[in-house]
Every structure is written in structure tokens, then in C-alpha cells.
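Below is one structure, written out as C-alpha cells; the observations come after it.
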Amino acid sequence: MASTIKANCRKVMCIGRNYAEHIAELNNARPKQPFFFLKPTSSILLPGQGPILRPKGVIMHYEVELGLVMGKTVRDLDPEDHKGALDAIDSYVLAIDMTARNVQDEAKRKGLPWAIGKGFDTFLPISERIAKSRIPDPHDAFLKLSIGDKLRQADSTGLMLFRIPRILADISRVMTLEPGDLVLTGTPKGVGEVKAGEVMKASIEVDGKEIKEGRIEVEVKDREGRYEFKET
Ligand code: MG
């Protein structure tokens, strides 16, 4: 059940800029080493608990990503320990790293943190839990995201610049990964805006076959409330 993923999750760690063509589409620099940011667990949106809410004044982008649900405590992992890295994963989820792009762009320009741009409620829709055996090689799965009937993202996880052992090694030399933590592995090219009234669908395939528990289907609506984007 995805609800146990949220209940057991104490942090969500996300890698930025981990697919070359996505780096190019946002005119970002290719990192020499992985870099990370956190999303709050309160942003997790469970299957069937939509809609995603677009805050006022926000240009909201989708980023489909493979998520790792950690099963072990990992500290100071050796980046060459590929078996140790994969053994530390309990299961997978498909996730959409929703991003308030205009908020994030301002933060980048001004050297401010990304917490607001990445951290709104509902900004992390996830699928049901995907058993580890369903994805024999996490670097050989195919991610898809569509808005309405238009396919917007479709790429293999084989395109990750930094692979999972390196990602877990670099995170775990800074902060301990604990059972239940979620790690998002980055998004391929094709990110873009999604607006209120649109429906997003995301899916993951292995060997050309869709994994049904890895589906996400969620509507987008405008958010009520006090937040409105204003220049900082
Ligand atoms: Mg992302």
C-alpha cells in the first residue's frame, strides 16, 4: 500500500540534473558531482487522493521520476558497492516531482533555497508500491508521462548520468538514509507546464510491458488559500 510508504517516510531526497537532455532543455549546467534537495513528506500525494493543487501565480511543471523506497539504513556507502546499493532498496514507486518553476527560477537567480518551489502540498504524487522483483534492473525501465492524450516524457532510466549506487553513496556520506526514506532519481527531458483542468498520467514499463501498480493518474486544480507567488 502506498499509504504505508507515506507513513514510514521520514525524508524525500531528490537528485537534480541527472539526465543530459533535461539539463539542456532548462539551460542548466551539467553537474560534476550529484547534487540534491529535499521535498517534505507532507507533499506526498497518494494514489486516488488527488487533485494536485496549483498555487496562485505558480507556473507548475511535471517531472516524472523513478523513486526508490529504502529498506535499510545506509551510511557512507562505497560508490563501487553496487550490490550494497541495490540490496538497500526495499521497493520502487513511480513519482512526479512537481515543481513551481517560476518560484524555483527566482530562487536560482537569487541564490535562495528551493524549498518553496518543490515543497507545496500535493507536489509529490506517487504510485502504489512496486515490488522490487518487478524491476529487475532499475537502470533499464521506461518512464512515460502524458497530459491528456499528449505524450510529453518518454525515456529510459538507462539515461541517468549518475546511477543509483553513486546517488546513494553521495547522499549517505552527508546524511544517513533510513528505512522508509524515498529517493527520487531525476527526470528525463520533456518537462513542461500543466494547468488546472488537465489530467496527468504517468507510467513505467519494463521489457515493453506496463507495470500496473506503477500507474499515476491525477487531475490538476487551482489551489485556494493564502499563498500567491510574489517576487522575493
Ligand atoms: Mg526532479
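The values are calculated or read from the model by the stated rules, or taken from the named source; none is laboratory data. Please read these numbers as outputs of a predicted model, since none were measured by experiment. Methodologically, a virtual Cβ is constructed for each residue, glycine included, from the backbone with ideal geometry; neighbour enumeration extends over all protein chains shown. Surface areas here come from the heavy atoms of the whole protein model, side chains and all, with no ligands, DNA or RNA. Shrake-Rupley method; radii C 1.70, N 1.55, O 1.52, S 1.80 Å.
A few notes on this one:
- When the square roots of the Cα gyration tensor eigenvalues are ordered a ≥ b ≥ c, the ratio a/c for region 2-222 is under 1.5, which makes its shape rounded.
- Relative contact order %, the chain, counting alpha carbon pairs below 8 Å whose residues are six or more apart: 33
- Net length gained if the chain between Lys195 and Leu159 were fully extended (0.36 nm per residue, minus Cα distance): 10.2 nm
- Computed over region 142-223: relative contact order in percent, which uses C-alpha pairs under 8 Å that are six or more apart: 34
- Residues in the chain average 46 Å² of solvent-accessible surface per residue, probe 1.4 Å, ligands and nucleic acids excluded.
- GNM on the chain, alpha-carbon springs under 10 angstrom: the most fluctuating residue among Leu45, Leu86, Leu145 is Leu86.
- A run of the chain free of exposed loop cleavage sites, with trypsin sites (Lys or Arg not before Pro) counted only in DSSP states other than H, G, I, E and B and at most 16 other beta carbons within 10 Å, reaches its longest extent at 76-172.
- The accessible surface of region 27-121, taken with every protein chain in place and a 1.4 Å probe, is 51 percent carbon and sulfur.
- Accessible surface for Ser146 stands near 30 Å², nearest 10, in the context of the full protein assembly shown (1.4 Å probe).
- From the alpha carbon centroid of region 189-232 to that of region 70-133 is 16 Å.
- Tensor-based shape of region 1-68 (alpha-carbon gyration tensor, a/c under 1.5 rounded, otherwise prolate or oblate): oblate
- Cα gyration tensor category, rounded, prolate or oblate, for region 1-128 with a/c compared to 1.5: oblate
- When the listed pairs Lys11/Lys201; Lys118/Lys230; Lys201/Lys221; Lys72/Lys209; Lys11/Lys230 are checked against a 18 Å cut-off, the alpha-carbon distance exceeds it for Lys11/Lys201; Lys72/Lys209; Lys11/Lys230.
- Förster radius 35 Å - calculated FRET efficiency between Lys108 and Glu219, Cβ distance, rounded to 0.05: 0.75
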